[in-house]
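K.L.:
Before I ask anything, let me first share the structure, which is written out below as structure tokens.
The values are calculated or read from the model by the stated rules, or taken from the named source; none is laboratory data. Keep in mind that what you see is a predicted model, and the values were worked out from it rather than measured. Backbone-built Cβ (ideal geometry, glycine too); neighbour counts: all protein chains shown.
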Amino acid sequence: MALVAAMGAVLIVLAALVFNRRCRAAVTKQAAPPAPDASPAQPQSARASCGYPAATGPIEASLLRAKRVQNAEQFNFEPYCHAETRDVPEEFTDEQRSLSQQALSRIQAGKEADLQQAFAVGRQLKKKYPRFYFGYYIVSLVYHSWKQTEKAEAELREGVGVCYQKSTLYAAWGSFCYDNDRMNEAVAWWIKSAVMQVHNRKINLSTPFLFLGYAAKFCGLEQIAMTLFEFAGRAHHDMHPLDKKGEDNLYRHLQEHGSETIHQALVVLYTEHLSQMVF
């Protein structure tokens, strides 16, 4: 699952945040590693139509156009590409980091007793640090493990409503939607997380850029894909390119559950937020 797979990366981010807080006066600039190798080329017919199979005759072509229009009308990406571009800086304590590491370790263990303990830690974090995003993230992960999807999403929604730092919650929300076959929403939340990180000039979570990069490749947007992979590389400690199985699964989701508006949203993300950004 995309949401669970991101846990280790978020843990590393937490460690880096505490370290950076102690060393705030020392400003360093790291070069981005090269973008990951290009994924296997998709059939031209699929890439040209952003994931839809090629029509084989007049009737099939008419049905294909109808499907595209229907999907295009189902989701509006514009608010995610334009609204609320900045996080509010947040301090992280050693206690927050320690509790978060403890909870993630329990979730990764996966046994029911471990999940119960992680849930308790998440609730503790929420109670003591109601503006700290990680408590909501932990509780959402546990609900997701218990297949209580409505409660899992409610936790993310609550966290976004009250927390100072939202980009990680947006990324987690995208992965949650992806795991639940809601591809348009997944792309939207990944875009929102990417926009906030870019405008903060602090790329600390590669998941949104990485998945959006693969989506851009699938839509035939090679330059945009390359740029997204480069941004993902800036979070070098968090760079985990998809294996062949993961890549094929993402392409299948795009083909079955995506829409042509994903293509348009990626173009807006690139032209308005990525193309002129210099670090």
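K.L.:
Look through the stretch 258-269, keep the residues that are buried (at least 19 other Cβ atoms within 10 Å of the Cβ) and either hydroxyl-bearing (S, T, Y) or not in a helix (DSSP H, G or I) (or both), and return whichever of them is modelled with the lowest pLDDT.
P.N.:
S259
K.L.:
So, one more: Could you pull out the residue among G220, G233 that is of a type outside the set (A, V, I, L, M), farther than 27 Å from A152 by Cβ and not in a helix (DSSP H, G or I)?
P.N.:
G220
K.L.:
Sticking with this structure for a sec: Find the helices (runs of 4 or more DSSP H) located wholly in the stretch 103-198 whose residues include 3 or more that are under 30 Å from E272 (Cβ atoms), and list them.
P.N.:
Once the helices (runs of 4 or more DSSP H) in the stretch 103-198 are filtered for at least 3 residues that are under 30 Å from E272 (Cβ atoms), what remains is 133-145, 149-162, 167-179.
K.L.:
State which residue is surrounded by the fewest Cβ atoms within 10 Å (Cβ to Cβ) when the search covers only the stretch 133-172 and only residues that are of a type in the set (G, A, S) and farther than 20 Å from K111 by Cα.
P.N.:
Once the filter is applied, the top-ranked residue is G161.
K.L.:
So which pairs qualify, if the first residue must be in the stretch 75-102 and exposed (fewer than 14 other Cβ atoms within 10 Å of the Cβ), the second must be part of a helix (DSSP H, G or I) and modelled with pLDDT under 80, the Cβ gap must be under 8 Å, and the two must be at least 6 apart or on different chains?
P.N.:
Filtered contacts from the stretch 75-102: E91/R21; T93/V18; D94/V18.
K.L.:
Any idea which of (1) surrounded by fewer than 22 Cβ atoms within 10 Å (Cβ to Cβ); (2) in contact with a Cys (Cβ under 9 Å, 6 or more places away or on another chain) is the one W189 doesn't satisfy?
P.N.:
Evaluating W189 over (1) surrounded by fewer than 22 Cβ atoms within 10 Å (Cβ to Cβ); (2) in contact with a Cys (Cβ under 9 Å, 6 or more places away or on another chain) leaves (1) as the failure.
K.L.:
Could you count how many residues in the stretch 141-182 are among the hydroxyl-bearing types (S, T, Y), free of Cβ contacts under 8 Å to residues at least 40 places away in the same chain and in contact with a Lys or Arg (Cβ under 9 Å, 6 or more places away or on another chain)?
P.N.:
At the first step, the residues of the stretch 141-182 found to be among the hydroxyl-bearing types (S, T, Y) are 143, 145, 149, 164, 167-168, 170, 175, 178.
Those still in the list that are free of Cβ contacts under 8 Å to residues at least 40 places away in the same chain too: 143, 149, 170.
Of the ones still in play, those that are also in contact with a Lys or Arg (Cβ under 9 Å, 6 or more places away or on another chain) are 143, 170.
Of the residues in that region, 2 qualify.
K.L.:
Under 15 Å from the mean Cα position of the chain (by Cα), surrounded by 21 or more Cβ atoms within 10 Å (Cβ to Cβ) and assigned to a helix (DSSP H, G or I), is that true of L212? Quick ask: steps written out before the conclusion?
P.N.:
Working: under 15 Å from the mean Cα position of the chain (by Cα): yes; surrounded by 21 or more Cβ atoms within 10 Å (Cβ to Cβ): yes; assigned to a helix (DSSP H, G or I): yes.
Considered against the rule, which asks whether it is under 15 Å from the mean Cα position of the chain (by Cα), surrounded by 21 or more Cβ atoms within 10 Å (Cβ to Cβ) and assigned to a helix (DSSP H, G or I), L212 comes out as yes.
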